[in-house]
Amino acid sequence: MRIVHGIATASLALLAGVSGSAAMTSPQPEPTKQARVLLLPLSEADLTSTQETGCTCTMEVRNRSLVQAIGNELMVRTRAGRQVCRLTDARFQQISGATGTYRCGGLSMTLRRTGRSQSHQESDSFTVPAALAVSQGRARQTLNGIWGCAC
């Protein structure tokens, strides 16, 4: 009985060794290239850092704020840190309508509605499904989320 058990153990060890070396020598698939993340989520400190007042609009993707427009400021966070860019009143009106192309922090951003808006009279606000196309040089990404404004 001991001999059978010893042979079985040796066979299993040999089989494990062969399959382990086969796994080490077989070609591994190349890792897929991940899209470069251009926008990082704004922190709570970012969102409350502005001195601007008035209507506030944000782009929410997976419950994270990626863009904030308030008064005459457009704020994003990139790998270089928080970026704050000036908006004219006309540009703020355009962005509050969830449309247009903007530049901030070396990024080009195009915002467009992708669904029907919902008004919320009790909070003087609206939300709309939107897509934000972001590019920097050759890197591009499109983020789908919710654009919302409150006054």
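The table below lists the values:
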quantity	calculated
In the stretch 135-151, the residues that are hydrophobic (A, V, I, L, M, F, W, C) and farther than 18 Å from ASN63 by Cα	ALA139, CYS151
Answer from VAL37, VAL76, VAL84, VAL61 - the residue that is under 23 Å from SER123 (Cβ atoms) and among the β-branched types (Val, Ile, Thr)	VAL61
Exclusive hit being hydroxyl-bearing (Ser, Thr, Tyr), under 17 Å from the mean Cα position of the chain (by Cα) and surrounded by 13 or more Cβ atoms within 10 Å (Cβ to Cβ), set SER125, SER135	SER135
Test result for PHE92, aromatic (Phe, Trp, Tyr) and over 22 Å from the mean Cα position of the chain (by Cα)	yes
Breaking point among (1) farther than 14 Å from CYS57 by Cβ; (2) among the small types (Gly, Ala, Ser); (3) within 18 Å of the chain's Cα centre (by Cα), for GLY115	(3)
Those strands (runs of 3 or more DSSP E) lying entirely in the stretch 37-116 with at least 3 residues open to solvent by 20 Å² or more (accessible area, probe 1.4 Å)	56-61, 81-86, 107-113
Among residues of the stretch 131-151, those that are free of Cβ contacts under 8 Å to residues at least 60 places away in the same chain and part of a loop (DSSP other than H, G, I, E, B), counted	2
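The values are calculated or read from the model by the stated rules, or taken from the named source; none is laboratory data. These figures come from a predicted structure and were not determined experimentally. Please note: Cβ atoms are built from the backbone with ideal geometry, for glycine as well, and neighbour counts cover all protein chains shown. These area figures cover heavy atoms from the full protein model, side chains too; ligands, DNA and RNA do not enter into them. Shrake-Rupley method; radii C 1.70, N 1.55, O 1.52, S 1.80 Å.
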